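What follows draws every value from the coordinates through simple rules; no lab data is involved. Given the structure is predicted, the values throughout are model-derived calculations rather than measurements. So basically every Cβ, Gly included, is an ideal-geometry build from the backbone, and we count neighbours across all protein chains shown.
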Amino acid sequence: MEDAQRETKTTAPSYSPFAQTYLHGTRADLKVGDYIQVGFNSNYAQYGKLNHIYLTATLDAAVWGAELASGEGRERIYLVEPTGPIEDDPNLTNRKFPGNPTMAYRSVHPFKVVGEVTLWQGHSPEQVKAMKDELAKLREQGLDTIEN
């Protein structure tokens, strides 16, 4: 009997009422129901059109995405649903954060906008400037490439 109970505990599926939430930080003005797709210019002007689109499961990474995005629009963070498979973002997981602690992902498949996070705390102006300065330094050194 004890073996049967142990077997039930280890083989029974574990269910969660919570689905994974994904976020996309940008300056694009989108509406619920819109799709974010490949083939458009990158959030970061120097990269032009990319073969992938990017999302994250952490608010902090989405905030950085919004704060560092090029353009004149206001910073926005959208809740998105992937419409196809996603993979770890190799630009972060292969270089800076092995194991993907930033929970950064990418896909060739569109993301459907399902909502917008309207209340969020940005980084301090000093932190944003420091990050932009670091990115500029990488660009000058030719080390700001995107694995596409």
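Couplings 3J(HN,Hα) for region 19-27, derived from phi with the Karplus relation 6.51 cos²θ - 1.76 cosθ + 1.60 (θ = phi - 60°), are 8, 5, 9, 10, 10, 9, x, 6, 10 Hz, where x marks Gly and Pro. The protection proxy used here, the mean number of other Cβ atoms lying within 10 Å of each residue, ranks peptides 65-71, 103-109 as follows, highest first: 103-109, 65-71.
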